[in-house]
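K.L.:
So that we are looking at the same thing, I have put the structure below in structure tokens.
The values are calculated or read from the model by the stated rules, or taken from the named source; none is laboratory data. Nothing here was measured: the structure is a model prediction, and the numbers come from that model. Virtual Cβ from ideal backbone geometry, glycine too; neighbours counted across all protein chains shown. Surface areas here come from the heavy atoms of the whole protein model, side chains and all, with no ligands, DNA or RNA. Shrake-Rupley method; radii C 1.70, N 1.55, O 1.52, S 1.80 Å.
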Amino acid sequence: MFELTGKSALVTGAGSGIGASVAHAYARAGAAVLVTDVDGDAAAAVAAEITAAGGSAKSAALDVRDGEAAAAAAEQAASLNDGTLNILVNNAGAIAPAMFPNLEEDDFRRIVDIHLVGSFVCSKAVLPYLPTDGSGRIINVTSAAGLVGTIGQANYGAAKAGIIGLTKSLARELAKKQVTVNALAPLAATKMTENIRSNEKLAAKTLARIPLGRWAEPDEISASFVFFASDGAAYITGQVLPVDGGTVI
């Protein structure tokens, strides 16, 4: 088990799915966690679960596109650890599926803003609180859609590809501060994949590409986030790790 005792973390999009699982996993590993989500009630419910289980957590409503709200969340998360914020997980996301001829410009911009611009906004907000002792972490969330593209979600694929570029660029720039920046590309049974899993044809095609032959549960994904946040990953930066059951892409 990789320990996070004495560290603090801010997790976006943590009201459900992978984000909620990561928040729980960080708390179990000893971190004080600020659970954030655009749905403040959902974030509060997750924080309450963590506290009830003996962990340390607070919550905040956060639209990751809002710079002022992100700055306030960063300050709140740092206050959990005497002014230091060790870990940011940029997990917040949304989807608006449509084949390209039917994809509206507003939906393209909205999805790119939430995933890519939101990751930028939150990363910039936490920068003043990240330590320079080698324990500072920014962990982004991309997808196979960003690695190889997708069908019916050009907005999502473009946003996730942008996150890879952001990850690699920030890794190079923030290395001088001893802050690592990495990304995970998970595949799990969450709301984000429900449109695929609920379509018999799409679900069968996807499962056929997964050697393990099943969807991961969010808790199976969160351990990778714990590793990247831990001291064990201090010499890893600028990397993208697929956590997808060996999916053939």
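K.L.:
When residues of segment 95-122 are filtered for being more than 19 Å from Val11 (Cβ to Cβ), open to solvent by less than 100 Å² (accessible area, probe 1.4 Å) and touching a helix residue (DSSP H, G or I) at 6+ places or on another chain (Cβ under 7 Å), how many remain?
P.N.:
Residues that pass the stated criteria total 9.
K.L.:
Among the residues of segment 107-124, is there at least one that is part of a loop (DSSP other than H, G, I, E, B), closer than 20 Å to Ala183 by Cβ, touching a residue at least 40 places away in the same chain (Cβ under 8 Å) and not basic (Lys, Arg)?
P.N.:
No: segment 107-124 contains no residue that is part of a loop (DSSP other than H, G, I, E, B), closer than 20 Å to Ala183 by Cβ, touching a residue at least 40 places away in the same chain (Cβ under 8 Å) and not basic (Lys, Arg).
K.L.:
Moving on to the next point. Against the conditions (1) open to solvent by less than 30 Å² (accessible area, probe 1.4 Å); (2) under 20 Å from the mean Cα position of the chain (by Cα); (3) over 25 Å from Leu170 (Cα atoms), where does Ala61 fall short? Just the number, please.
P.N.:
Against the list (1) open to solvent by less than 30 Å² (accessible area, probe 1.4 Å); (2) under 20 Å from the mean Cα position of the chain (by Cα); (3) over 25 Å from Leu170 (Cα atoms), Ala61 comes up short only on (1).
K.L.:
Which condition breaks for Ser224 when tested against (1) within 17 Å of the chain's Cα centre (by Cα); (2) within 24 Å of Gln153 (Cα to Cα); (3) touching a residue at least 40 places away in the same chain (Cβ under 8 Å)?
P.N.:
Against the list (1) within 17 Å of the chain's Cα centre (by Cα); (2) within 24 Å of Gln153 (Cα to Cα); (3) touching a residue at least 40 places away in the same chain (Cβ under 8 Å), Ser224 comes up short only on (2).
K.L.:
Also, I was wondering about something else. Name the helices (runs of 4 or more DSSP H) wholly within segment 134-202 that hold at least 2 residues that are at pLDDT 95 or above, closer than 15 Å to Val117 by Cα and touching a strand residue (DSSP E or B) at 6+ places or on another chain (Cβ under 9 Å)?
P.N.:
154-174
Residue-by-condition table, conditions (1) among the charged types (D, E, K, R); (2) in contact with a helix residue (DSSP H, G or I) (Cβ under 6 Å, 6 or more places away or on another chain); (3) without any contact (Cβ under 8 Å) to a residue 40 or more places away in the chain; (4) crowded, with 18+ Cβ neighbours inside 10 Å:
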{"residue": "Thr142", "(1), (2), (3), (4)": "no, yes, no, yes"}
{"residue": "Ala145", "(1), (2), (3), (4)": "no, yes, yes, yes"}
{"residue": "Asn155", "(1), (2), (3), (4)": "no, yes, no, yes"}
{"residue": "Ala159", "(1), (2), (3), (4)": "no, yes, no, yes"}
{"residue": "Gly162", "(1), (2), (3), (4)": "no, yes, no, yes"}
{"residue": "Ser169", "(1), (2), (3), (4)": "no, no, yes, no"}
{"residue": "Val179", "(1), (2), (3), (4)": "no, no, no, yes"}
{"residue": "Asn182", "(1), (2), (3), (4)": "no, yes, no, yes"}
{"residue": "Met192", "(1), (2), (3), (4)": "no, no, no, yes"}
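K.L.:
Using beta carbons and a limit of 7 Å, which pairs, at least six apart or on different chains, have the first residue in segment 201-216 and open to solvent by 50 Å² or more (accessible area, probe 1.4 Å) and the second one among the hydroxyl-bearing types (Ser, Thr, Tyr)?
P.N.:
Sorted first by the residue in segment 201-216, then by its partner, the pairs are Arg209/Thr247.
K.L.:
Then there's this: Could you identify the single residue in Thr5, Thr51, Thr84 that is polar (S, T, N, Q), surrounded by fewer than 18 Cβ atoms within 10 Å (Cβ to Cβ) and closer than 20 Å to Gly232 by Cβ?
P.N.:
Just a single option satisfies the conditions, and that option is Thr5.
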